[in-house]
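Laboratory data are not the source of any read-out in this text; all were calculated from the coordinates shown. All values reported here derive from a predicted model rather than from experimental measurement. FYI the Cβ positions are ideal-geometry reconstructions off the backbone, even for glycines, and counts take in every protein chain you see.
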Amino acid sequence: MSYVDSIMELVIKRNPAEPEFHQAVKEVLDSIQPVFARRPEYEKNRILERLTEPERTIMFRVPWTDDKNRIQVNRGFRIQFNSAIGPYKGGLRFHPTVYLGILKFLAFEQVFKNSLTTLPMGGGKGGSDFDPKGKSDMEVMRFCQSFMTELCKYIGPDTDVPAGDIGVGGREIGYLFGQYKRIRNEFTGVLTGKALSWGGSLIRPEATGYGAVYFAQNMLGTRDMDIRGKTCTVSGSGNVAQYTVEKLNQLGAKVVTISDSNGTIYDPAGIDDEKLAFVMDIKNVRRGRISEYAEKYQGAKFLDGARPWSVKCDCAFPSATQNEISGPDAAALVKNGCILVSEGANMPTDPDGVKIFLDNQVLYGPGKAANAGGVAVSGLEMAQNSQHVSWPREEVDRRLHQIMESIHRQAFETAADYGFPSNYVVGANIAGYVKVADAMLDQGLV
Ligand code: NDP
């Protein structure tokens, strides 16, 4: 059995019933195989055995009271996966599907993603099985306060700096920050994604979506193509999806879909800025369902229960959740002429789908490269906080551009160097891995 296969066996045995974590580890292990022939010291020092085991896993009870004064109990988590190149960094997800396996997959991916950003950040992820949908602002606040009362013991601006993810946006970051400040009596950059008036960075809300589009532009550039005039499908309608649509519109592409967990909006006329403002109002202010869009805009259809992948497009931007593109979905995209997939979400394409994209020479930007703009600007928010300064919008956007270009270059060049030209999966995984592995070697057995 090969070294890499033996690690996979160990991971499955040690982490039973966590299929998403197994999937994320397998994808990385399969693509970094060629490194071990060149760098035998990694195997000798058991880097993979160490890298697949979180440095620390924290689980805790989160008791809170709802608006009817009933006691509710959720479970909270923080996975501090790897701190070889910087403090743990990664989002918090509040969604009923959250359990250890989801957070371990996300934290594991985060280690490689953060490594690619060129910024000094380790990998972590956390969250809760709390469902913010249908809860009042006061219920969300009481939950966030209880969650942070425990989490605050384990995080800090030089230790672990959480941010948002699914179900955790500006409102939740505000409540979490308020409680941290109250308990610790410290006003520090302990969380990113803060509002502008109390330490947030310009462009942070936009960064993941904008970054996924910049990454797409870079991929298209390798074939002398441009995003202008392209028909695009986007899934999701949350933070990442909204700013993906905004940037695509700015660059002259036409976006014809968005979605939520109930179904897809297909608008052949394009989701222009005015329609996007309506989407933002539904999702961010009224916290309603995307189906309302089809009631307001004639010509748009609501595809109940469907995902966007049967709609014809040139470029696809999955921006909702993991495993939202299956093998058959990927086949439908390819059949309809899709030439590019840039993943705003984490691990949105399942292994069958990835294989189909790669076999058909689709420009395929895996999440850990394509959506790294979010954490990159979080890193810039940390830098601004520690210097007590705030950079103008143009400055942050310029740096985001530069970082996405650098991530693209690292992935592209590394893939070519290892004999897999244009394979961004291999390129991103190897480039991300080598930097972390070398740091682990430097720091000894810790
Ligand atoms: P939001 O909570 O703002 O939005 C999530 C969107 O995805 C909503 O439209 C939601 O629909 C939909 N969605 C969530 N779960 C499912 C599901 N199981 N099936 C179908 N649709 C679903 O989250 P974000 O936009 O922040 O995150 C989206 C993705 O991007 C995630 O994979 C996240 O990990 C990734 N990501 C986010 C970053 C960030 O900076 N926020 C950074 C890097 C990656 P509904 O309203 O019905 O739940």
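Remark on region 368-446: ratio of C-alpha radius of gyration to 2.2 N^0.38 Å is 1.31.
Write down Rg/Rh for region 207-365, rounded to two decimals, with Rg from the C-alpha atoms and Rh from the Kirkwood relation over Cα pairs.
Reported Rg/Rh, Kirkwood definition of Rh: 0.94.
When a/c is below 1.5 the answer is rounded, else prolate if a/b is larger than b/c, else oblate, so apply that to the chain with a ≥ b ≥ c taken from the square roots of the Cα gyration tensor eigenvalues. Verdict is rounded for the chain. Here is the link list: K230/K355; K275/K296; K133/K275; K230/K275; K44/K89. Which ones come out longer than 21 Å on Cα distance? The pairs that break the limit, which is 21 Å between Cα atoms, are K230/K355; K133/K275; K44/K89. Among residues other than M138 whose Cβ falls under 10 Å from its Cβ, what is the net charge (Lys/Arg +1, Asp/Glu -1)? Overall, the nearby charge balance is -2.
When the pairs K26/K435; K68/K135; K135/K283; K247/K283; K113/K181 are compared against a 21 Å limit on Cα-Cα distance, K113/K181 fall above it. The packing ranking, built from the mean of other Cβ atoms within 10 Å per residue, places the peptides 22-30, 423-431 in the order 423-431, 22-30, highest first.
Region 69-99 and region 390-427 have Cα centres spaced 28 Å apart. Computed extension gain for N284 through T118, at 0.36 nm per residue and net of the alpha carbon distance, reaches 56.6 nm.
If packing is taken as the average number of other Cβ atoms within 10 Å across a peptide's residues, how do 313-324, 367-378 rank, most packed first? Provide the component values of the computation, followed by the final result.
Details: 313-324: 25.4, 367-378: 29.7.
In decreasing order of mean packing, 313-324, 367-378 become 367-378, 313-324.
Among I7, S342, S197, which residue has its Cα positioned farthest towards the positive end of the charge dipole of the chain, with +1 placed on the Cβ of Lys and Arg, -1 on the Cβ of Asp and Glu, and the dipole taken about the Cα centre? Among I7, S342, S197, the one farthest towards the positive end of the dipole of the chain is S197. Distance from the alpha carbon centroid of region 288-335 to that of region 158-205 works out to 32 angstrom. Where both bridge residues fall in the chain, DSSP classifies roughly 55% of the beta bridges as antiparallel.
When each of the peptides 8-20, 258-270 is scored by the mean number of other C-beta atoms lying within 10 Å of its residues, the order from highest to lowest reads 258-270, 8-20.
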